[in-house]
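Before any comments, here is the structure.
The values are calculated or read from the model by the stated rules, or taken from the named source; none is laboratory data. Since the model is a prediction, treat every value here as computed from it, not as a measurement. As a convention, Cβ positions derive from the backbone with ideal geometry for all residues, glycine included, and neighbour counts pool all protein chains shown. Protein only, heavy atoms only, side chains kept; ligands, DNA and RNA dropped before computing areas. Shrake-Rupley method; radii C 1.70, N 1.55, O 1.52, S 1.80 Å.
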Amino acid sequence: MAKWTPKHEAPEPLEGPIVATVTGGTILWFALFVVQLPFYGWFADRDLLWWVWTCAAGGFLGLIGIWYVRGRDAALKRHAAEANAEANAEAGAGAGAGAGAGAGAGVDADADADAEARAAQPDQP
């Protein structure tokens, strides 16, 4: 049997509202648990108590999941802020290091961008 090798790289993972998704799932598990509690005897008579306890376990595992994804989300935001601060510090250090083309070059670029924006706007009476 031949060894499987990928023909292309794996796509980047999707990032979405992970905390909200896990929180919603946890709420759903707890809601199902609470809805099934009045029918505990019915489930017990039919040896289906695992339905009730599965919902309870899903809710409690969801609480662990909420704790985990909130920490992950905070770490990702912290990492992005640190990377942004580093990039700004490097840009500031690079602007001051040049002789003649340092901080003044950025100001000229901003002025040019403002002039282009004004030129693109139609004249008003």
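At-a-glance table
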| quantity | calculated |
| --- | --- |
| Ranked order, LYS3, LYS77 - accessible area, probe 1.4 Å, largest first | LYS3, LYS77 |
| Sites GLU86 and ASP47 - FRET efficiency at Förster radius 41 Å, r taken between beta-carbons, to 0.05 | 0.10 |
| Chymotrypsin sites (Phe, Trp or Tyr not before Pro) within the range 1-76: DSSP coil, no more than 11 neighbouring Cβ in 10 Å | TRP4 |
| Per-residue SASA entry for ARG72, accessible area with 1.4 Å probe, Å² rounded to 10 | 90 Å² |
| Computed FRET value (nearest 0.05) for VAL34 with THR54, which takes r as the C-beta separation and R₀ as 22 Å | 0.95 |
| Rounded FRET efficiency, nearest 0.05, which uses the C-beta distance separating ALA74 from GLU9 and R0 of 30 Å | 0.55 |
| Area accessible to solvent at LEU76, 1.4 Å probe radius, in Å² | 80 Å² |
| Dipole-positive endmost among ALA89, ALA56, GLY41 within the range 36-92 (Cβ charges, Cα centre) | GLY41 |
